[in-house]
1. Kindly evaluate Glu137 against the criterion of being modelled with pLDDT of 85 or more, open to solvent by 20 Å² or more (accessible area, probe 1.4 Å), in contact with a strand residue (DSSP E or B) (Cβ under 9 Å, 6 or more places away or on another chain) and farther than 23 Å from Glu11 by Cα.
2. Name every residue in the range 1-30 that is open to solvent by less than 10 Å² (accessible area, probe 1.4 Å) and in a helix (DSSP H, G or I), in order of residue number.
3. Filtering the range 49-81 down to residues that are assigned to a loop (DSSP other than H, G, I, E, B) and of a type in the set (A, V, I, L, M), which residue is surrounded by the most Cβ atoms within 10 Å (Cβ to Cβ)?
4. Could you check, for the range 31-41, whether at least one of its residues is open to solvent by 30 Å² or more (accessible area, probe 1.4 Å), touching a residue at least 12 places away in the same chain (Cβ under 8 Å), hydrophobic (A, V, I, L, M, F, W, C) and touching an Asp or Glu at 6+ places or on another chain (Cβ under 9 Å)?
5. In this structure, is Asp117 modelled with pLDDT under 95, out of contact with any strand residue (DSSP E or B) (no Cβ under 8 Å at 6 or more places or on another chain), in a helix (DSSP H, G or I) and over 21 Å from Ser166 (Cα atoms)?
Amino acid sequence: MTRIFFVCHPETTSHIHGRGLLTSNGVLQAKSLMPRLKAELFASVYVSPFPYTKQTASILTAGKSLILQNHVLVRELDYGALSKMIDHFVQSDLEVITKWWKYQDPGMVFPGGESLDSLRRRVRNFISQMVDRHALENILVISHRSTVAMVSLLANDLANEHFFSSENWPKEGSVNLLTITPAGHTSGFELSI
């Protein structure tokens, strides 16, 4: 079986276009994951192409001879025009936007961004690629909460309407293991969070 360890990046200074770095708390969160991953042998490490995901990967792979590979399929959901404003919102604004979005058409596309359907296709494509490249191997992926939330939906055979459910939404700085049986690329998922 293929095992993909998805790590949600820890706390960052900014989410605007992926420019931020980890906060001091985020660095501590990343270091706290090291014991969980220490015993695992990884064939490859894939990283969303943002500075804070690369920083997380560097912390988690310190002392190991692993090459970090950028992979755009594990990037954050593209919120389009909203992503430029996201750091300017206070938490209550984000909660209102999230509640609004939860009740919209799951196929809705953010202006200049992407839909949950396109995120689903992108994540499924990534998983299929990993099964092809890394059959019976362990890989480490440093990504984002939206990406790992979609992995959870795929693993549990849930529709996009469940995207914002708290049980599918991983914590910042968490390790989420996806086990894929040899049954196929899009079936046989098992996710343990």
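1. Yes, satisfied.
2. Across the range 1-30, the qualifying residues are Gly18, Gly26, Ala30.
3. Leu77
4. Within the range 31-41, one or more residues are open to solvent by 30 Å² or more (accessible area, probe 1.4 Å), touching a residue at least 12 places away in the same chain (Cβ under 8 Å), hydrophobic (A, V, I, L, M, F, W, C) and touching an Asp or Glu at 6+ places or on another chain (Cβ under 9 Å).
5. no
Rundown of residues vs (1) of a type in the set (Gly, Ala, Ser); (2) more than 15 Å from the chain's Cα centre (by Cα); (3) modelled with pLDDT under 90; (4) open to solvent by 20 Å² or more (accessible area, probe 1.4 Å), yes/no style:
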| site | (1), (2), (3), (4) |
| --- | --- |
| Met130 | no, no, no, no |
| His144 | no, no, no, no |
| Asn160 | no, yes, yes, no |
| His185 | no, yes, yes, yes |
| Phe189 | no, yes, yes, yes |
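The values are calculated or read from the model by the stated rules, or taken from the named source; none is laboratory data. In this text, all values refer to a predicted model and were calculated from it rather than measured experimentally. All Cβ positions, even for glycine, are placed from backbone atoms using ideal geometry, and neighbour counts span all protein chains on display. Keep in mind that these areas ignore ligands, DNA and RNA; they rest on the heavy atoms of the full protein, side chains included. Shrake-Rupley method; radii C 1.70, N 1.55, O 1.52, S 1.80 Å.
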